[in-house]
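Below is one structure; the comments refer to it alone.
The values are calculated or read from the model by the stated rules, or taken from the named source; none is laboratory data. Being a predicted model, the structure only gives us computed values, none of them experimental. Using ideal geometry, Cβ is built from the backbone for each residue, glycine included, and neighbour counts are taken over all protein chains shown. Calculation scope for accessible area: heavy atoms of the full protein, side chains included, ligands and nucleic acids excluded. Shrake-Rupley method; radii C 1.70, N 1.55, O 1.52, S 1.80 Å.
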Amino acid sequence: MELNQVTEDVLKVIDSYGFKQEGAYNLRLNGMAVCHGDSRHIRIVKKEDKPGIDIFISAEAQKEQVHIPVVMSEPGVDVVYNDFYVEDGADVTIVAGCGIHGEGCSETRHDGIHAFHVGKNANVKYVENHYAEGNGTGSKVLNPVTKIFVGENSVFTLETSQIKGVDSTKRENYIELAENAKVYVTEKLMTHAAQKAISNMDVELKGKNSSARIISRSVAKGESKQVFHPRAIGENLCHAHVQCDSIIMDEAEISSIPEINAKHMDAQIVHEAAIGRINDEQLVKLRTFGMTEEEAEAVIIENFLK
Amino acid sequence: MLQVEHLSYDVQEEGRQSEILSDVSFSVKDGEMLVITGPNGGGKSTLAKLLMGINKETAGKITLNGTDITEMTIDERAKAGMGFAFQQPPRFKGMTVRRLLHLAAGRALSEDECCELLSSVGLCAMEYIDREADATLSGGEMKRIEIATVLAKHHDICIFDEPEAGIDLWSFSMLIKRFEQIHREKRESLILISHQERIIQMADRIMVISDGKVESIGAAEEIMPHLFGQEINSCHCRQQKGGEL
Ligand SMILES: Nc1ncnc2c1ncn2[C@@H]1O[C@H](COP(=O)(O)OP(=O)(O)OP(=O)(O)O)[C@@H](O)[C@H]1O
Ligand SMILES: [Mg+2]
């Protein structure tokens, strides 16, 4: 299917692996699935009862990718439910993400409600980029809900980033780990102007020997506001490490409200949080290379969010 | 040529004005090596930071190659031809040594160029180029990378603040060779702040800064004999309190 330039451009930003209409993919454009394809091991089925898709990833899928981007270039509210079923032993990278191109004066909003049901001994990487552009005055809103159930001995890697343009976001993540399951989360967030971002993340370490490592990096500029609420609940012998680092600039405001909750005497849970201004010594050093203050700031932020 | 006239720097300490540098004047000719030495806390690093525009002088004038740079920002001075190696270099969590060198050079360096830079400060490129310039590097390693960032680009004048500090004997010898080479080729003027005899010996001229003032400045032969074996009484309590302690 032929895609217009706006869609192509947004796809380039949100799908860093490169979106192609090949293999397993599904492109949702302005609230409609406009094109989709299955691969030998990955099947995408449209839901009957509500908007969204079910994605079935078979055990034979090894080092395969599935791309399911969402692009909104027209105002409106789009709520979509996507469910992933990953069989025992599968190894897959799921590239999702949502890009808004807003030119109008009314709201453009996408609520992606995702659930991952991961079997045993599987390896899943889920990459999600959120982005908005366009000169429209209507607010650009993304409210993702992600529920992840990681089976025994499986590894789930979640990389989520929102670097630009989204006026308001409220993300809800819920992760549940079975025995020996591991989750690695990296969250990157940058807000500008009057943008608002709320990130709630609950990780329940239910299984013995389960572990979680959560790294959250954020930069707040302008008068933007960010609130983080990571919560790790250890219900067994387990390890969890939550690290939240933020750079605050201008008139921005950041709150980090960690919660660590142990329900087992062998649960080890660590939380580190730091909010601080941009490192002045680094800034000065880069300026001695001939970079302006703005250029140096951009390098530091890019490096921090890398 | 760098010309410094009547440079002073005051700070506000607990509401009181305190003078860190007072009326410092000197010049550095093209291709010349000036070594600044003197007791700890004398004001050497403060002077270096004023030259680079990192601190703002209270009074005075700095001219580089005929242009008044006193009002220039750090980056404008860098573009005008100044290079600066910090006494205590900052670390860059998440940034590779390679990227730091690219940024320092202002362009993408080839693998060979990076390798050459690192070996000139005694570091093996293979081992360091993809490492992060973060707290996992030792003090001496970071210090040598700091020096490499300044060597990454041509400058008219480079300021090295205690380049020898924390560096092992072997790397120090390489560093000395590198400074000698730059000096011999007269490509760049050098201001080396140092407490090290071998560095001081390389100087065309030596300036001694003590208590925020130029205590002496002159040709190396002239200053050297007074430097070593001299006792400096840095405790002023007795004088201030009229001999009582
Ligand atoms: N911002 C400041 N506020 C107060 N005092 C300062 C400030 N900056 C420097 N000083 C003081 O000025 C003096 C000179 O410091 P400077 O770092 O320039 O010394 P230095 O000659 O480089 O010493 P060293 O040989 O130990 O490196 C010191 O006594 C220092 O404590
Ligand atoms: Mg010093």
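So here's what we get for this one:
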| read-out | value |
| --- | --- |
| At R0 = 30 Å, FRET efficiency that the Cβ-Cβ distance of residue A:59 and residue B:136 yields, to 0.05 | 0.15 |
| Efficiency of FRET between residue A:8 and residue B:67 - r from beta-carbon atoms, R0 41 angstrom, step 0.05 | 0.25 |
| Theoretical ellipticity at 222 nm over chain A - DSSP helices of four or more residues, -39500 (n - 2.57) apiece, nearest 500 | -3000 deg cm²/dmol |
| Carbon plus sulfur fraction of accessible area for the protein assembly as shown, probe 1.4 Å, in percent | 48 |
| Largest-first ellipsoid semi-axes for chain B, taking √(5λ) over the Cα gyration tensor eigenvalues, angstrom | 31, 20, 19 |
| Partner chain coverage, peptide A:278-287 - average Cβ within 10 angstrom | 6 |
| Highest-first arrangement of B:65-73, A:206-214, A:221-229, where packing means the average Cβ count within 10 Å | A:206-214, A:221-229, B:65-73 |
| Links that overshoot a 25 Å alpha carbon limit, given the list B:29/B:153; B:61/B:143; A:221/A:306 | B:61/B:143 |
| The protein assembly as shown, accessible area per residue, ligands and nucleic acids excluded (1.4 Å, Å²) | 45 |
| Span-like helix ranges in chain B, DSSP H, alpha carbon extent 20 angstrom or more, Kyte mean at least -0.5 | B:169-185 |
| Label-point separation in nm, residue B:127 to residue A:88, each point 7 Å along Cα→Cβ | 4.8 |
| Lysine pairs meeting the criterion (Cα under 22 Å, 8 or more apart or interchain), as found in the range A:8-105 | 4 |
| Chain B - percent relative contact order, Cα under 8 Å, separation 6 or more | 26 |
| Cα gyration tensor category, rounded, prolate or oblate, for chain A with a/c compared to 1.5 | oblate |
| Within-11-Å neighbourhood charge of residue B:56 [Cβ basis; K, R +1; D, E -1] | -2 |
| Near-label residues of the range A:275-306 by backbone N, under 15 Å of a point 7 Å along Cα→Cβ of residue B:79 | A:287-296 |
| Those residues of the range B:49-95 for which accessible area with every protein chain present is at least 40 Å² below the isolated value (1.4 Å probe) | B:74, B:75, B:86, B:90, B:92, B:93, B:94 |
| Fraction of antiparallel bridges per DSSP, the range A:5-279 only, in percent to nearest 5 | 5 |
| Most mobile listed residue (A:195, A:268, A:282) in chain A, GNM with C-alpha springs under 10 Å | A:282 |
